[in-house]
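> Before I ask anything, let me first share the structure, which is written out below as structure tokens.
What follows is calculated from the coordinates using simple rules that are stated; it is not laboratory data. Bear in mind that the values here come from a model prediction, so they are computed numbers and not experimental data. Methodologically, a virtual Cβ is constructed for each residue, glycine included, from the backbone with ideal geometry; neighbour enumeration extends over all protein chains shown.
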Amino acid sequence: MTIVSTEHRLSAEGFKHAFRLHPGGVAIVTADIGEGPKAMTVSSLFSVSIDPPTLVFSASAMSSSTPTILSADTVVVHMLSSSNIDLAKLCATSGSARFGDDVKWDRLPTGEPYYPGASSWIRGKVVNRVDVHGSVLIIVEALEVKPQEQDSDTHAEPLVYHSRNWFSLGETALVREKS
């Protein structure tokens, strides 16, 4: 049995390196608290519960969109396909016009900004925020999902971020079929 010493603190670079080797699905989170729509790209999205349907993502203090996302009562979380790569890059770029005239976006009947071209989206109510060393875990209870009849391509290839690169997760990535 190998015992790992806890005397030495892991460096930030070492930690980042480890997570660069761990792929993550790409999503965009949008919100508006009355000061104009904001959006951020995240790869920290995961589901927590199906009853009630609950998800979590992390908002970095370094993002200019974080104050709006933290203050919002509701958000829209967009799960992206590889066809949404330009939107993912746009919302990941500091200072970009994420809701400019050349960007296809709209508002849901409930008022939240959203990107209709996203593969899927979930509108949800923020139920908790947990501060963790300058970042915040935002816990969201799902209220509404993009209607299936609006899905333009139910076989869209998910967009994945890995080792500072964008990837499309297609059929050729299949290692083993379901048993």
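> For the residue pair Ile33 and Arg129, what label-to-label distance in nm results when each label sits 7 Å from Cα along the Cα-to-beta-carbon direction?
Here the answer is 0.6 nm between the modelled labels.
> Sticking with this structure for a sec: Straight-line reach from Lys125: which lysines have Cα under 30 Å away, leaving out those fewer than 8 places along the same chain?
Within the straight-line cut-off, Lys125 pairs with Lys38, Lys89, Lys104, Lys146.
> Compare the Cα positions of Ser94, Val77, Ala27 along the charge dipole of the chain (+1 at Cβ of Lys, Arg; -1 at Cβ of Asp, Glu; about the Cα centre) and return the one farthest towards the positive end.
The one lying farthest along the dipole's positive direction is Ser94.
> How large are Rg and Dmax for the chain when only the alpha carbon atoms are used, in Å?
For the chain, the Cα radius of gyration and maximum Cα-Cα distance read 17.4, 60 Å.
> If I model a spin label at Leu21 and Ser168 as a point 7 Å from the Cα along the Cα→Cβ vector, what separation in nanometres do I get?
So the two model labels end up 2.8 nm from each other.
> Can you sort Lys146, Lys38, Lys89 so the residue with the fewest Cβ neighbours within 10 Å comes first?
Lys89, Lys146, Lys38
> Rounded, prolate or oblate, given the Cα gyration tensor of segment 85-160, with a/c below 1.5 counting as rounded?
In terms of gyration-tensor shape, oblate.
> If we count every other residue with Cβ under 13 angstrom of Leu143's Cβ, Lys/Arg +1 and Asp/Glu -1, where does the sum land?
-1
> Please report, in debye to the nearest 20, how large the charge dipole of segment 23-152 is about its Cα centre when each Lys and Arg carries +1 at its beta carbon and each Asp and Glu carries -1 there.
Computed charge dipole of segment 23-152: roughly 240 debye.
> How large is the helix-only mean residue ellipticity at 222 nm for the chain, computed as the sum of -39500 (n - 2.57) over DSSP H runs with n ≥ 4, divided by its residue count, in deg cm²/dmol to the nearest 500?
Value at 222 nm, helices only: -3500 deg cm²/dmol.
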